[in-house]
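Right, one structure below, let's go through it.
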Amino acid sequence: MIIRDVEVRNVQEVARGIFVLSFVSLELSGSTLPGQFINVLVQKGHEPLLRRPFSVYRVEEETVEIIFNVVGKGTVLLAAKKRGDIINILGPLGIPFGTGGSFRNAILIAGGLGIAPMPILAEHLRKNGKHIEVFAGARSGDQLALDHLENTHIATDDGSRGYHGTVVALAEQYLREHPLSEAKIFACGPIRMLAAVSAYAESVTIPCELSLEGEMACGIGICQGCPVERLDGATRYALVCTEGPTFDSTTIILRGA
Amino acid sequence: MKTGFVLRNVEFKNRVLVASGTFGYGDETRDLVDVAKLGGIVTKSLSWKPRDGNPPPRIAETPSGMLNSIGLANIGVHAFIEKKLPYLRTLDTRIIVNIAASSVQEYCDVLALLESQNGIHGFEINVSCPNVKEGGLSFGTNCDLTAEITSRLRALTDKPLIIKLTPNVTHIGQFAVAVKEAGADAVSVINTVIGMAVNAKTRKPKISTVTGGLSGPAIKPIALAKVYEVAQSVDIPIFGIGGITNAEDAIEFLLVGASAVQVGTANFIDPRTGVSVAEGIESFARDQALGDVGDLVGTLKAKKDMSVLQSWL
């Protein structure tokens, strides 16, 4: 885990309102695993005060990429960064996805910005010799970021591209018609989508890992701001930042779904 | 350059500590922070039994600040002794254990158990906890109860006893007087300020408990005023807390009367903040040709008769 000022290499709008920011950090690019995140201080000063957590989207040689939707003051500032600007990063943080193990087929399900950890995940899965199918959903076709992914199946809420409906419904339909044995699901997205994925995985007894979001101030287990309810365990809550953000779907309860 | 200070029988190497709840149990940041450069670590609040804490969402960012309602989630004093204290003992800094409880007896039980352990240099008492017996009202807003907790705990320890005062009272100075008379060695000023944040679109409060504790730079002016008031009311040392992010902030607290400071919310953004504050204070004092950082304490150039505090005290 490191804290560093790093130099922005590039910021690019890859879909409507969705940006990929790359920065230079050999330390991070060499050590970050799929599903891990970094905490970004977008500028010095008190506005905004806190770091923002972002899944690592992709690493390539000495650069690290994050992807984000412009939704608030932090992401507005990030989207306006130029090559050479400095941001401060803390990371890599959290428990990565389990990309090893005996499964042969990886089913990646992403809703909206849940696409964030998928390219780095796909890269590691590929290296481990896994077959990959990607299901990506968005509100509309122009909000899809599908770079660096293969075997993609698309769902949109408005039907403007691909399947008209939820990405989970699409995945269920596809997998019913094209069953994959020895599979494992990796999902990231809104809480309701994750709950649907979790229920589906349980119904077909496919192991499933979810990547969660949580309101967090520190990212390193200190502020205790990001609890998620455990299904069972010695304590009621796990922390998304240090015990997640990736969880086996059978170990947690998704509230607000 | 003298940077340290003595509280009761304990020497601190400098006047910068990290505040309770913002530095965990000290082990989370072991890769990031050289804690030997801190005056001390105040641990997360400990209660007798582990506490799960409040449901999410527990935190919300606010202008130059953050609102939290963690609910004193902690591992409990027994797990602390077993799992956290051995590591804390290896650190070359002072360890102040913060205690939270829901009854006077629980405060006493936790402190008594900790008193029997090696490696703890003092206690800070969080009185901003719901008093179960009084229907959940905070101990810290009742002056008599705050004094009672202090005197009961004073009887149990010869180590520094610090009472962390809440700003959510009319006259914080009266609370400082009461705990001093009850035997406190020092006060920490301030705990978080009650606040609220609302999402206009969803019409929901941004944290699950509706209201919570505001911290960060947003509360620094409040904290300075409270430290000033307490410094005018008592002569025991004050740990100034509230929105400190750099050495200049900390020096402001020393000037208005704090003997030391605690860095809180800034640790969430960078856990090394306390170290840079300590280094910054030292170089400020050197630039001012002071022989002792303590020479700054309480040297605010203010006309006391011009202070609005006069009408309060």
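Looking at segment A:34-49, which of its residues are open to solvent by 10 Å² or more (accessible area, probe 1.4 Å) and part of a loop (DSSP other than H, G, I, E, B)?
Listed by number, the residues that qualify are A:36, A:43, A:44, A:45, A:46, A:47.
Please count how many residues of segment B:1-60 are among the β-branched types (Val, Ile, Thr) and farther than 24 Å from residue B:278 by Cα.
1
Can you pull out the residues in segment B:37-67 that are more than 11 Å from every other protein chain (Cβ to nearest Cβ), open to solvent by 20 Å² or more (accessible area, probe 1.4 Å) and farther than 19 Å from residue B:260 by Cβ?
B:48, B:49
Which pairs do you get when a residue that is among the hydroxyl-bearing types (Ser, Thr, Tyr), found in segment A:170-187, comes within reach of a residue that is in a strand (DSSP E or B), reach meaning Cβ atoms under 9 angstrom, with the pair 6+ apart or on two chains?
If the second residue must be in a strand (DSSP E or B), the pairs left are A:174/A:133; A:174/A:135; A:174/A:153; A:174/A:163; A:181/A:105.
Do any residues in segment A:215-227 that are within 7 Å of chain B (Cβ to nearest Cβ) have Cβ atoms under 6 Å from those of residues that are of a type in the set (Lys, Arg) and surrounded by 24 or more Cβ atoms within 10 Å (Cβ to Cβ), where the two are at least six apart or on different chains, and which pairs are they?
Hits for this filter: A:225/B:58.
Among (1) open to solvent by 10 Å² or more (accessible area, probe 1.4 Å); (2) farther than 15 Å from residue B:269 by Cα; (3) modelled with pLDDT of 95 or more; (4) within 13 Å of another protein chain (Cβ to nearest Cβ), there is one condition residue B:27 misses while meeting the rest; what is its number?
All conditions are met except number (3).
Which one of the conditions (1) surrounded by fewer than 15 Cβ atoms within 10 Å (Cβ to Cβ); (2) modelled with pLDDT under 95 does residue B:307 fail to meet, given that it meets all the rest?
Single failed check for residue B:307: (1).
Go through segment B:129-169 and report how many residues are of a type in the set (Gly, Ala, Ser), surrounded by fewer than 17 Cβ atoms within 10 Å (Cβ to Cβ) and part of a helix (DSSP H, G or I).
1
What's the total number of residues in segment A:130-169 that are open to solvent by 50 Å² or more (accessible area, probe 1.4 Å) and either more than 16 Å from residue A:185 (Cα to Cα) or assigned to a loop (DSSP other than H, G, I, E, B) (or both)?
The number of residues fulfilling the criteria is 14.
Give the residues of segment A:229-250 that are away from chain B (no Cβ under 14 Å) and loosely packed, with under 15 Cβ neighbours inside 10 Å, sorted by residue number.
Hits for segment A:229-250 are A:231, A:248, A:250.
Looking at residue B:40, is it under 23 Å from residue B:239 (Cα atoms) and among the small types (Gly, Ala, Ser)?
yes
The values are calculated or read from the model by the stated rules, or taken from the named source; none is laboratory data. Computed from a predicted structure; not experimentally measured. Counting neighbours? That spans all protein chains shown, and the Cβs are built from the backbone with ideal geometry, glycine included. The protein model used for the area step is the full one, side chains on, heavy atoms only, and it has no ligands, DNA or RNA in it. Shrake-Rupley method; radii C 1.70, N 1.55, O 1.52, S 1.80 Å.
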